[in-house]
Every structure is written in structure tokens, then in C-alpha cells.
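The values are calculated or read from the model by the stated rules, or taken from the named source; none is laboratory data. The model shown is predicted, which means the values in this text are computed figures rather than measured ones. We place every Cβ from the backbone using ideal geometry, glycine too, and count neighbours over all the protein chains shown.
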């Protein structure tokens, strides 16, 4: 077949496409436009057998290998999802965390592989990242029971998907979270003077007290931190209080008890104490005490 037989103008091929289609089954046909080559008509087999351009594929393959190598060596767990929430990438740290191989995760919806993660608000954040193209950072409960909370970074990935990188919160980070949570609780309680809060250690010693609890007893924080809660009640009520504290710790169930607190000024206050154990990885065996000033609460309700 001569070169003339393999070159045709766009106008000619539109008039005799059937003939040129037959020729293309034997040899590629060049289609010209105003005398210049513009397109090529080839058979399916010729297209499939065409050798790919090495100058394009080799750098891409090398870059992919380098990327996978970096992922395998970072300590953070990483996985990526496409727009349908199917896993398209995962590193060794993610395999260890989820207890699944990369091969088992790829192409699957992580919510199906680990059903108890479905209720996590993290998925809503991933959707927002996909929609807005903005990255997000947040803390979330671990998907595996008993593990510390996670610090998660989510960012746009691979044209519409989301990349997720996460690490367990360090002890200092956990302490910071707990401290801020306590500060928020104390701020909220300032709106209700009849309610106050103290945090006890496992021996009943006062570790932390709200402003209202200090006002209730007449002691400042420094003085309260040298006392146990039992030392603030009369001798006859100490044994029942200690029993209630031990039950709250041992049974991990909230309980309440009515006592009379002895104030610094020598008076007394009738209060109802609600006790709840708070055990966690940072500080174990704490008891949160919510004290209700019975007389003040009755006054607020208009019964006195």
C-alpha cells in the first residue's frame, strides 16, 4: 500500500468512509485538514498494540513508587477515598490501625468494612471537604474501642476525593482536651448559682472546685485542695459519704446522697451531692461531684 493510499482529506473520508474504514483495518490512515495531517484512523487491534510513550509513563510510575514509599514510612496513618467513599489508597499505619490489609481495603467502602464507624461525624466532614475543596482538622473518638482519641486531618485528594491522615492524641493533648472541657462546664454552671461542681481524686481529695463550690463552703481553692470531701461533712455523715464515693468508683454508676456541709464560717449547708466516676487514660479514678444547695434551689423554685 502506497503512502497515497494511507492519506485522505477530511472531506474525502466523509464521502467514502466505508472504503477508508476497510483500508484502516490494514494500515493506519492519516486524515488531513487543509493539506496538513490532523487525525489518524486506526483499527482497534493496532491501537491496542501501540507501544505507550515511555517518556510519559515512566516518570508517572516512578512518582507513584516514590509516593507509596513515603506513605509507608510516615508514622501517621493515611487513607484516601474517592467520591463514593471507596478506599483508593492506604498505608501500613492504616493497615495496622484497622487490622485490614491494603488489598482488603482498596475498592471498598470503609463504612462497610468497619460498620461501627458509620455514625461518626467524620463522614460529614469528609463530604464537606469534597464539596468545598477546603481542608479540615478535628478530633474524634477512635473507631476501635479502648483506643485514645484521634487527631484527624482531611484534605482534597485526587480530583474530588478526600485524603485522611490521623494520629492518636498524645497524653499532653488528651490532658488539654479534658482541661478545656472542664473549663467549659464550670463556665456554664456560673449561670446557675444553686449548682456547683468539684472534682475528687480516687481518695476523695478535692482536686478542682468551681467558683460556686468555693462560695458554698466559704473556702478558697487553695484551702479546698488540702481537704477531702469527707472532711467537710459532720462526723455522723462521713461513713455514708465515703461508702457512696466508693460505690460510684466501683460500680461506675452515678449515685446521690444528702449531706450537711460544714462551712468555713462555722455554719452548715444542706446539699444534695450527685456523684459520678470519670476514669480515662490520662487520670484514672476521678469522681465528679455536683452539689445542689437545697435551700437556694427551693428559693429559686418559689417553695420557700
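Just a few scattered comments:
- Helices (runs of 4 or more DSSP H) lying entirely in the range 1-100 (those with 1 or more residues that are at pLDDT 70 or above and within 30 Å of residue 126 (Cα to Cα)): 54-73, 92-98
Okay, residues lined up against (1) at pLDDT 90 or above; (2) out of contact with any helix residue (DSSP H, G or I) (no Cβ under 8 Å at 6 or more places or on another chain):
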{"site": "220", "(1), (2)": "yes, no"}
{"site": "240", "(1), (2)": "yes, yes"}
{"site": "250", "(1), (2)": "no, yes"}
{"site": "265", "(1), (2)": "no, yes"}
{"site": "271", "(1), (2)": "yes, no"}
{"site": "276", "(1), (2)": "no, no"}
{"site": "281", "(1), (2)": "no, no"}
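- Test: residue in the range 135-150 that is assigned by TED's automatic domain parsing to the domain that holds residue 78, assigned to a loop (DSSP other than H, G, I, E, B), at pLDDT 90 or above and closer than 20 Å to residue 167 by Cα: yes
- Selection from the range 36-45 of residues that are within 12 Å of residue 7 (Cβ to Cβ) and either surrounded by 12 or more Cβ atoms within 10 Å (Cβ to Cβ) or touching a strand residue (DSSP E or B) at 6+ places or on another chain (Cβ under 8 Å) (or both): 37, 38, 39, 40, 41
Rundown of residues vs (1) in contact with a helix residue (DSSP H, G or I) (Cβ under 9 Å, 6 or more places away or on another chain); (2) modelled with pLDDT of 65 or more; (3) crowded, with 16+ Cβ neighbours inside 10 Å, yes/no style:
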| site | (1), (2), (3) |
| --- | --- |
| 170 | no, no, no |
| 174 | no, no, yes |
| 181 | no, yes, no |
| 190 | yes, yes, no |
| 199 | yes, yes, yes |
| 203 | no, yes, no |
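- Taken over the range 101-132, residues that are within 18 Å of the chain's Cα centre (by Cα) and outside any helix (DSSP H, G or I) amount to 6.
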